[in-house]
Amino acid sequence: AQSVAQPEDQVNVAEGNPLTVKCTYSVSGNPYLFWYVQYPNRGLQFLLKYITGDNLVKGSYGFEAEFNKSQTSFHLKKPSALVSDSALYFCAVRVPSNTGKLIFGQGTTLQVKP
Amino acid sequence: AAGVIQSPRHLIKEKRETATLKCYPIPRHDTVYWYQQGPGQDPQFLISFYEKMQSDKGSIPDRFSAQQFSDYHSELNMSSLELGDSALYFCASSPTNRGLTEKLFFGSGTQLSVL
């Protein structure tokens with residue numbers, strides 16, 4: 001079965017410091033991996049995706065994610081966190097079937113403090 | 001740019017009542033997904049439609065039904081509402097369900113409260 005795990009419920013970082021939000025996955029075949037961000041009272045917004053190619057994927061708002069096949073991980077990173085990055089982050093895998101639905105991880109709350 | 005439109009934004013119902021949630025996908029998107037997100041939970045897939053036909057079914061209760069119309073908008077019908085149905089219901093659209101590399105575009109959601 002396809003699944004995604006985000007081991008941390010919350011990540012706290014100081015503004016200006018690098019941040020990492022962890023994600024591991026379990027899929028059969030080639031994974032299609034996504035990161036979405038959810039701000040309060042807002043819908044899920046796409047950040048970035050990994051389909052194939054370069055293991056380091058760059059996305060919106062200065063975020064990037066590193067695909068590691070051997071560790072089945074797709075951690076979200078940013079070199080310098082901003083207070084405005086504080087939100088709920090979801091890692092997701094697109095199911096390689098005819099329907100392409102997303103399976104989400106449990107979500108990680110990122111808190112960036114000034 | 002046009003986004004996914006959901007209505008209403010908020011809905012308050014009582015137990016055993018019915019509710020209808022509407023979703024208007026981005027123009028030229030032919031695939032619609034419905035997700036349910038309980039408080040503090042990750043979004044759970046309910047059902048999806050491609051070209052007006054149901055394409056996949058997830059953890060959708062039998063009390064719920066949905067359809068996609070000729071203009072590609074979709075409606076989620078919920079009957080015999082229960083307290084546990086209180087959640088944020090997201091609709092998402094995609095240019096095509098065949099393109100697994102395509103991202104989903106999410107609406108802002110409908111917050112359903114069942115009292």
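At-a-glance table
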| read-out | value |
| --- | --- |
| Largest-first ordering by accessible area, 1.4 Å probe, given options B:56, A:9, B:85, B:71 | A:9, B:71, B:56, B:85 |
| Length-normalised contact order for the range A:3-113 - Cα pairs under 8 Å, 6+ apart - percent | 38 percent |
| Sequence of B:14, B:102, B:82, B:75 from largest to smallest accessible area, 1.4 Å probe | B:14, B:82, B:102, B:75 |
| Per residue, in Å², the accessible surface of the range A:8-55 once ligands and nucleic acids are set aside, probe 1.4 Å | 49 Å² |
| Electrostatic dipole magnitude of chain A [Cβ: Lys, Arg +1; Asp, Glu -1; Cα centre; debye, to 20] | 220 debye |
| Non-local Lys pairs in the range B:5-114, i.e. 8 or more apart or on different chains, that have alpha carbons under 27 Å apart | 8 |
| Surface accessible to a 1.4 Å probe, residue B:15 within the full protein complex, Å² | 90 Å² |
| Ranked order, B:28, B:16, B:63, B:9 - accessible area, probe 1.4 Å, largest first | B:28, B:16, B:9, B:63 |
| Heavy-atom accessible surface of the range A:31-86: percent carbon and sulfur, 1.4 Å | 50 percent |
| Carbon + sulfur, % of accessible area of chain B - ligands and nucleic acids excluded, 1.4 Å | 49 percent |
| Span from the the range B:19-66 Cα centroid across to the the range A:35-114 one, whole angstrom | 22 Å |
| Given charges at beta-carbon only (K, R positive; D, E negative), |dipole| of chain B in Debye | 120 debye |
| Drop in accessible area of at least 30 Å² in the complex versus isolated chain, residues of the range B:39-83, 1.4 Å probe | B:42, B:43, B:45, B:56 |
| For the pair A and B, total buried accessible area rounded to nearest 100 Å², probe 1.4 Å | 1900 Å² |
| Top positive-direction residue, dipole computed over chain A with Cβ charges, set A:80, A:114, A:57 | A:57 |
| In Å², nearest 10: area of residue B:52 left accessible to a 1.4 Å probe | 80 Å² |
| Total charge dipole magnitude, the protein assembly as shown, about the Cα centre, Cβ charges on Lys, Arg, Asp, Glu only, Debye to nearest 20 | 180 debye |
| Residue B:5 - accessible surface, heavy atoms, 1.4 Å probe, Å² rounded to 10 | 100 Å² |
| Residues of type aspartates and glutamates that residue A:58 reaches as a straight line, Cα spacing below 17 Å, ignoring anything fewer than 8 places off in the same chain | A:66, A:85, B:102 |
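The values are calculated or read from the model by the stated rules, or taken from the named source; none is laboratory data. What you see is a predicted model, and the numbers here were worked out from it, not measured in a lab. In this analysis, Cβ positions are derived from the backbone assuming ideal geometry, glycine residues included, and neighbour counts consider all displayed protein chains. The protein model used for the area step is the full one, side chains on, heavy atoms only, and it has no ligands, DNA or RNA in it. Shrake-Rupley method; radii C 1.70, N 1.55, O 1.52, S 1.80 Å.
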